[in-house]
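All remarks here apply to the structure that follows.
The values are calculated or read from the model by the stated rules, or taken from the named source; none is laboratory data. This is a predicted model, so every value here is computed, not measured. FYI the Cβ positions are ideal-geometry reconstructions off the backbone, even for glycines, and counts take in every protein chain you see. Side chains are part of the model used for accessible areas, which takes the heavy atoms of the whole protein and leaves out ligands, DNA and RNA. Shrake-Rupley method; radii C 1.70, N 1.55, O 1.52, S 1.80 Å.
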Amino acid sequence: MPRSVRRVLLGAPIATARSEHEKVGALGGLTIFAADAMSSVAYGPEEVVLVLALAGTAGLNYALPICIALGVLIWIVATSYRQTVVEYPSGGGAYVVARENLSPLASHIAGGALLTDYVLTVSVSVSAGIAAITSAWPALYDYRVDIAVACVVMIALVNLRGVRESAAAFALPVYGFVACAFLVIIVGLYRMWTGSITPSEQTQAAQGLVPLQGVGLFLILRAFSSGCASLTGLEAVANGVQAFREPRGVRAASVMVLMATVLSATVLGVGLLIHGLHIAPIPEITVLSQIGEKVFGRGFMYFLLQIETMLILVFAANTSFSDFPRLSAFMARDGYMPRQMANLGDRLVYQNGIVVLSALACVLIIIFKGEVSSLIPLYAVGVFTAFTISQTGMVIHWVRKQGPHWHHKVAVNGLGAVATGVVLIVIAVTKFALGAWIVCLLIPMLVLAFRAIGRHYSHVAARLSLENAKEVAPIKNLNLLLVGGMHRGTLQALEYARALGGPVRAVHVETGGEELPRIRRMWTDWETDIRLEILPAPFRNVTEPLVDYIQQVKAEEGFDVVTVILPEFVVDNWWQSLLHNHSALWLQFLLSRIPGVAVLNMRYKL
């Protein structure tokens with residue numbers, strides 16, 4: 001990206017010394033990390049209704065009990081994770097807890113599960129946000145994939161600008177949705193209590209349901225597992241504690257409690273409205289859209305709710321854009337992901353992780369055509385895997401550390417481990433055939449990849465270690481200047497080759513088939529000290545004759561290393577470079593893969 005364009009889109013570089021100033025407080029942290037959890041209010045209860053509707057109106061009667069169970073589960077998980085963020089203020093969440101208290105394998109499973117979940121979070125939340133808009137404006141339905149991809153790119157650009165700027169940009173949508181959600185719940189419950197919503201309006205949506213199966217335990221468990229998507233995002237604070245200002249642990253814990261309070265209240269409130277208004281699924285119209293239309297009518301507040309829902313769902317992806325790069329950086333520093341993922345960009349963000357996440361999310365949106373119901377079965381498996389591993393690791397942590405009230409802390413995290421473990425089994429069983437098998441297969445594949453990367457870095461470190469290193473024998477080097485033609489640049493390259501010291505030889509690969517090339521005639525007029533070798537290339541392949549010559553001189557003349565000097569002129573403008581073939585760049589790539597060959601680019605300005 002040209003520097004001028006980069007500065008306009010991303011802003012000026014930020015000095016490393018200002019990294020602490022880029023952290024956020026509790027309110028900013030709530031903006032960044034609560035968006036994912038709060039957005040699930042728009043699709044979590046809806047997924048419960050979609051499953052229960054298979055049993056007709058009888059199935060919908062279980063929506064409220066399931067929402068109550070989800071609210072209880074939210075508090076169990078949040079209370080457990082509150083202890084994690086206080087005890088591990090360095091961040092890393094389930095990955096770090098598993099690494100410190102369980103085993104490398106457990107940490108790899110947790111890392112793979114969370115990374116998978118973050119990609120799915122972006123895909124699901126953005127797709128659900130676009131669904132909210134197409135519910136209000138059906139004409140946009142055919143363009144949902146294009147709009148979703150554009151939204152992912154926009155969020156990536158905002159996050160590339162830095163943590164503080166992303167928190168400021170997404171504050172209004174997050175707090176605006178919370179206000180709208182509580183308003184629709186309060187007004188809706190009041191209208192139900194006063195009887196201003198007539199029974200005919202309440203039952204109209206549900207009357208057309210035809211039972212496809214009876215209400216059984218499996219159906220209820222499947223509906224509950226679909227609703228567990230509402231809990232995704234609770235772990236985000238634990239993984240991104242480093243984004244907070246000091247004291248990080250205290251601020252993160254307060255955000256966790258506040259987020260759990262708001263989330264559980266809204267899930268329960270939406271559940272009450274679904275039960276009281278007899279909401280049933282309608283194609284291409286979301287459950288929250290139906291509630292908003294019944295409570296406010298199709299007026300200003302309805303459309304405001306839809307816009308805020310779209311914004312919170314789209315910007316919920318921001319939570320993943322905060323945590324995916326950080327978790328990738330943790331794992332990269334430990335040697336289980338490519339080192340590039342740990343590199344801080346000039347805006348003090350892990351820009352490689354942001355780019356990778358946005359690319360993977362766009363691919364998923366395109367593959368599943370932006371359909372939330374197609375993506376949901378893949379969802380929540382990863383996050384509940386991480387929940388269970390994290391809470392199990394915290395139990396072992398407290399047993400080892402003990403200290404004041406450690407029995408109480410063990411009980412809290414133990415309850416969290418049992419609850420999330422049971423939910424994980426339910427999700428895996430009820431969603432396996434619907435698509436959860438993909439995640440169940442993907443996580444082990446990621447674990448194998450992490451371990452392979454770790455073995456590679458260990459091998460490299462062992463080979464580079466100075467331990468047991470011996471004295472290096474002197475190296476005999478030949479400077480080999482590759483000459484394409486006789487011109488001013490060649491003269492500069494000859495002087496550069498002499499400046500390197502040691503023997504120098506020039507080589508020209510003749511692809512034209514001439515017996516006495518023009519360069520031979522010109523060479524003697526301009527250069528007498530360095531000899532020129534002409535290598536015939538009857539098939540016009542420059543690389544093969546050059547490699548054969550290098551191998552020959554190394555074998556016959558005893559050179560340990562051959563340094564190939566590639567002269568290359570630099571043009572004035574970018575468009576002028578399109579007029580040249582850049583053969584030196586291609587040769588550099590090919591020759592750099594040959595042992596005992598060093599490549600130098602000698603660039604000169606025209």
Checklist entry - In the stretch 388-413, how many are polar (S, T, N, Q), open to solvent by 20 Å² or more (accessible area, probe 1.4 Å) and in contact with a Gly (Cβ under 9 Å, 6 or more places away or on another chain)? => result 2
Checklist entry - So which helices (runs of 4 or more DSSP H) stay within the stretch 179-268 end to end and still have 2 or more residues that are under 26 Å from L115 (Cβ atoms) and either open to solvent by 10 Å² or more (accessible area, probe 1.4 Å) or at pLDDT below 85 (or both)? => result 217-227, 236-239
Checklist entry - Using beta carbons and a limit of 6 Å, which pairs, at least six apart or on different chains, have the first residue in the stretch 546-563 and closer than 19 Å to G501 by Cβ and the second one among the hydrophobic types (A, V, I, L, M, F, W, C) and assigned to a helix (DSSP H, G or I)? => result F559/V553; V562/I550
Checklist outcome for this item: When every residue in the stretch 420-474 that is part of a helix (DSSP H, G or I) and among the hydroxyl-bearing types (S, T, Y) is compared, the one surrounded by the fewest Cβ atoms within 10 Å (Cβ to Cβ) is S458
Checklist entry - Can you spot a residue in the stretch 20-40 that is part of a helix (DSSP H, G or I), farther than 24 Å from D117 by Cα and open to solvent by less than 10 Å² (accessible area, probe 1.4 Å)? => result no
Next on the checklist: Considering only the stretch 281-288, I want to know if a residue exists there that is surrounded by 24 or more Cβ atoms within 10 Å (Cβ to Cβ) and assigned to a helix (DSSP H, G or I).
Outcome noted: yes
Next on the checklist: Step by step: first the residues of the stretch 337-387, then only those that are at pLDDT 90 or above and among the small types (G, A, S), then the one that is surrounded by the most Cβ atoms within 10 Å (Cβ to Cβ). Which residue is that?
Outcome noted: A361
Item to check | One residue from I425, I475 being under 30 Å from A555 (Cβ atoms) and of a type in the set (V, I, T) | outcome: I475
Checklist outcome for this item: Requiring at least 1 residues that are within 21 Å of H108 (Cα to Cα) and within 12 Å of the chain's Cα centre (by Cα), the helices (runs of 4 or more DSSP H) wholly within the stretch 302-381 are 317-333, 351-367
Checklist entry - Out of the stretch 87-118, which residues are of a type in the set (A, V, I, L, M, F, W, C) and either crowded, with 24+ Cβ neighbours inside 10 Å or not in a helix (DSSP H, G or I) (or both)? => result A94, V96, V97, A98, L102, I109, A110, A113, L114, L115
Next on the checklist: For a quick check of your reading of the model, give me the residue pairs whose first member lies in the stretch 353-377 and is over 15 Å from D323 (Cα atoms), whose second is acidic (D, E) and assigned to a helix (DSSP H, G or I), with beta-carbon atoms closer than 6 Å and at least 6 apart or on different chains.
Outcome noted: I376/E47
Checklist entry - Considering only the stretch 75-86, how many residues are among the aliphatic types (A, V, I, L, M) and either open to solvent by less than 10 Å² (accessible area, probe 1.4 Å) or within 24 Å of the chain's Cα centre (by Cα) (or both)? => result 3
